[in-house]
1. Using the Cα centre of the chain as the reference point, and only Cβ charges (+1 on K/R, -1 on D/E), how large is the resulting charge dipole? Debye, rounded to the nearest 20.
2. Of 81, 145, 346, which is farthest towards the positive pole of the chain's charge dipole, taken about the Cα centre with +1 and -1 on the beta-carbons of Lys, Arg and Asp, Glu respectively?
3. Could you tell me the relative contact order of region 163-284? Use alpha-carbon pairs under 8 Å, at least six residues apart, and round to a whole percent.
4. Return a whole-number percent for the relative contact order of region 1-113, with Cα pairs under 8 Å and 6 or more residues apart as the contact set.
5. Within the P(r) computed for region 174-244, what percentage of the Cα pairs occupies the region above 18 Å?
6. Which one, 136, 113, 171, projects farthest toward the positive side of the charge dipole computed for region 68-185 from Cβ point charges (K/R +1, D/E -1)?
7. Quick one: helix 303-313 against the long Cα principal axis of the chain, what's the angle to the nearest 10°, folded into 0 to 90?
8. With contacts defined as alpha carbon pairs under 8 Å and 6 or more residues apart, what's the relative contact order of the chain in percent?
Amino acid sequence: LTDKTPVAIQRIANDDVESAVFGALDLIGAASIMREGMTILLKANLLSANPPERAVCTHPAIVTAVIHWLKQFSPARIVLSDSTASISVGSTEKVLKVSGLKETCEREGAEAIPIEKMERTIYTVPDPLVLKSFPSATLIGEADLIINLPKIKTHNLTILTCCIKNMFGTIILGQKPKTHVQFPLVRDFEKALVDIYSVSKPQLTVVDGYLCQEGYGPSAGDIVKLDLVLAGFDGVALDTVVANITGVPVNRLYYLEYAEQKGLGTAKLDGIEVRGESIEAVKHAFKLPKGSTIGYYPVPLPRSLARRLGPALMKATITFDPKRCRRCGTCWKNCPVQAITPPASLAEGNVPSWNRNKCITCYCCAETCPYEAVRLNANIAKNFFTTWPGLSCVATLVAIIVVIALLAYFLL
Ligand code: SF4
Ligand code: SF4
C-alpha cells in the first residue's frame, strides 16, 4: 500500500480504445467509487465544430468506452456536456453534432446537453485565488459523480490543455470572454482556471490521448496519434504526468502550482504512483505553440518586472491567412475586446485587421476560427524595440551609459 496518488497509463493497441479505457480504470481501482443509480456528468471537450479525426473534441471512441464501463454499475442517468469556445447561441449543439458525440450519446442511451441549456446556479468559489463566483449548470453541484474527459492538446495561451483547463468549459458561452477580459495576464487567468476547477473538481478523470494536437493547438494544431489513455482521481497529478510525457515545461504550467497550493492535488512526480506504462516508455515531445513563450522566462525574474515585461515583450502578433480566411466573421464576433475589425469588403483575398493595442492575447480568435486561418507569432526581439517596456529598458541603459561616461570624463 502507498499514499501516493495513482495515475494509470495504458497504450491503445490496434485502435482498441475500449480495452485501454477499461484497463486504465482497473489499474486505479476506479470501481471503488461507483455505486448503483448514480447521476453522472461527463465533462467532455467540445471546443469547436470539428470531426473526430481533427482531434479537437474528446474522441467518440473514448466516450463510448467510458459509458460502457459505467453501465456495469447501472447508473440512473449519464449526461455528457460542455460549453463551446464560441459565444454564439446554438454553437455547442453544432459541436455535439459535428464531433459525433450527439450520435454516440443517442446510441449509448446517454444524454448530450450543452451546459448553457441546463438550469443554472451561481457558484461561490471556495478560498478564491482571483474569481469569487461564476454561473454554471446546476447539475455540476447535484451530480453524484463528475468525470472529466479532457483531450491532450497544446494551447496557445496555457501551453497545455488537459484536466484543469478542460473545466473552463463549465463557464457558460459569453462568460468565457468576460473571464479573459477580467484576467488578461496569463498568471491571473490561470488562477481563475484553478478557481473554476475547484468548484466542480471531478472525482474521476479519463484522459483522451488517442488523437492529440501539437503546435497551433487547441484547434488548428497538427495531429499526433499518441495512442494513450490515462486515468486517475487527481487531475493535477494527471496534468503533471501528461506534461512530462509531452515535454511541456512543467514550470510554465502555473495552474499546476496554484492548484497544488490550493490543495486540489499533487503536481510533484514523487507524489504520484504511475501504473501500467511508465512515463519514459511513452514519452513523445510535442511541438509547442509559437506564442508559447508568453509569460515564460527561462530565468526567474522579479514578479513586478515579469508582470510588466511579459505581456508586452512576449505578445504574439496575430495575422490572418488570406488563402484560408473566408471572412465568416467568427473571429471578430468572438473577440471579447473588439480587437478585430472586418475587412471593408468581403471579397476573396481580404482579411480582417488586428488591433495590437486592444488585444489581450486570449486567443479566442484562433480557437474559434473554423478554417484555421488565424496565425500567431511571438517575435520577442521586434516586440522589445517597438513597445514601451522594451524602449524604456533601452532608454534606461542609454541613460546609465551616459552617466558613466560623464562621470568618467569629469573624474578621471
Ligand atoms: S480569420 Fe477565420 S474566423 Fe476570422 S473571418 Fe477569417 S475564416 Fe472567419
Ligand atoms: S484579437 Fe484574438 S487574441 Fe486578441 S483579444 Fe481578440 S480574440 Fe483575443
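1. On the way: 43 positive and 37 negative charges, 355 e Å.
Using Cβ point charges on Lys, Arg, Asp and Glu, the chain gives about 1700 debye.
2. Result: 346, furthest along the dipole toward the positive end.
3. Values: 147 pairs, mean separation 28.7, N = 122.
Worked out over region 163-284, it gives 24 percent.
4. Details: 165 pairs, mean separation 31.4, N = 113.
Normalised by residue count, the contact order of region 1-113 is 28 percent.
5. Working: 1385 of 2485 pairs.
Tail fraction, whole percent: 56.
6. My answer, from the dipole projection, is 171.
7. That works out to roughly 90 degrees.
8. Working: 874 pairs, mean separation 71.4, N = 412.
Reported relative contact order: 17 percent.
The values are calculated or read from the model by the stated rules, or taken from the named source; none is laboratory data. Quick caveat: nothing in here was measured; it's all calculated off a predicted structure. As a convention, Cβ positions derive from the backbone with ideal geometry for all residues, glycine included, and neighbour counts pool all protein chains shown. For the accessible areas, the whole protein counts, side chains as well, though only heavy atoms, and no ligand, DNA or RNA atoms are used. Shrake-Rupley method; radii C 1.70, N 1.55, O 1.52, S 1.80 Å.
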